[in-house]
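Data first, discussion second: the structure below is written as structure tokens.
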Amino acid sequence: MSETVTASATLKGHNDEVYSVAFSPDGKYLVSSGNDHLIKLWDVATGKELRTFAGHSAWVRSCTFTPDGRRIVSGAADATLHIWDINTGETTKVLKGHQGEVFAVATSPDGKYAASGAQDKKVRLWDLDKGKKIVSFKGHSELARGVTFSPDSSFIASTSYDKSVRIWDIQTKKELRVLHGHSAYAVGVSFSPDCHYLASTSYDTTIKIWDFQTGEETKTLTGHGYQVWQALWTADGKHILSSSTDTYLKLWNLSTSKDIKTFKGHSDIVSWVETFRLAVLII
């Protein structure tokens, strides 16, 4: 039976829906973005808001830190990505090229790249330091909803409303593999820490686990009542934390494919979840 866990802290500051959260690499800070066009930086230990980043002209769908923790990358419905200096709060670069809302951004573990997925169906790879596009990956037939880098920074995985998960090779700049299995929009995607597996989420209410090398579906996790937005691995690779429209977060034991904890406290859709080591903090 799944254990029920309640929230230990609530961070308040946004005046509209919060779309995305991300921990800093050292776990001391949290960044959030939302429908109010703003990005906010929080102190994890105290729960205090430290800084607000303003510059996007529309809702900010996604945000994340660079691996050195010095910059924040955000993507918004104004079709741009912004790179922010965490200390000054200023935009250092604006990345343009997408023709439509940017739904997802990610930074590579080696700190060289950013990736974005957008309404224009494209996944773009960017040079973080130069602020320039390296390549635009084409293959999705509907909007690109999620993006993530492999732990070795060699591959990008993306999800789309075309129900597929696609893997892109950064070195060859080509599509490596297409994973089919979801019966509705595919939304979230993440690599396991050892790069052996992928987890994807969907409007079909499931989380699917895929073998990265073969592209085969190895597990389907069921238990959420509505769309599953995000599923992230814990550092040991043994568990996954998921978020859903059903307002719950669930922690899954991958050896049994069962949810072992249910986190309650939200009164509306939980669209994003972020893990740091084995700690969990949710806005």
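Here are some notes:
- When the stretch 147-275 is described by a simple charge dipole with +1 on each Lys and Arg Cβ and -1 on each Asp and Glu Cβ, the residue from V187, I209, G225 located farthest towards its positive end is G225.
- Annotation: for a label point projected 7 angstrom from Cα along Cα→Cβ of A184, residues of the stretch 202-224 with backbone N closer than 12 Å are 202-207, 224.
- Dipole magnitude of the chain, debye to nearest 20 (Cβ charges: Lys/Arg +1, Asp/Glu -1, about Cα centre): 400
- Residue-normalised convex hull volume from the C-alpha trace of the chain: 110 Å³ per residue.
- Across the cross-link table entries K96/K121; K138/K163; K163/K261, which are compared at the Cα atoms, the separations over 23 Å belong to K163/K261.
- In the chain, excluding the sites themselves, the longest stretch lacking any of the GluC sites (Glu not before Pro) that are in a DSSP loop with at most 14 other Cβ atoms within 10 Å is 143-215.
- Carbon + sulfur, % of accessible area of the stretch 1-145 - ligands and nucleic acids excluded, 1.4 Å: 44
- In the chain, taking the dipole from charged Cβ atoms about the Cα centre, the farthest positive-side position among Y113, T64, I39 is held by Y113.
- Nonlocal amide H pairs with I260, under 5 Å, H built at 1.01 Å: L251, W252, N253
- Projection of the Cα convex hull of the stretch 95-222, averaged over all directions and equal to a quarter of that hull's surface, yields 6.9 nm².
- Annotation: per residue accessible area for the chain equals 43 Å², rounded to a whole number [probe 1.4 Å, protein chains only].
- For a paramagnetic label modelled on D68 (point 7 Å from Cα along Cα→Cβ), amide N atoms under 20 Å away belong, within the stretch 76-107, to 82-95, 106-107.
- Extension reserve of the L50-S153 stretch, reckoned as 0.36 nm per residue once the Cα distance is removed: 34.0 nm
- Residues whose amide H falls under 5 Å from that of V187, counting only those 5 or more places apart or on a different chain, are T201, S202, Y203, with hydrogens built in the peptide plane.
- Exceeding the 32 Å Cα-Cα cut-off - candidates K48/K93; K173/K250; K12/K93; K173/K258: K173/K250; K173/K258
The values are calculated or read from the model by the stated rules, or taken from the named source; none is laboratory data. What you are looking at is a predicted structure, and each value in this text was computed from that prediction instead of being measured. Quick reminder, even Gly has a Cβ in these numbers, built from the backbone with ideal geometry, and neighbours come from all protein chains shown. Ligands, DNA and RNA are excluded from the accessible area calculation, which covers all protein heavy atoms including side chains. Shrake-Rupley method; radii C 1.70, N 1.55, O 1.52, S 1.80 Å.
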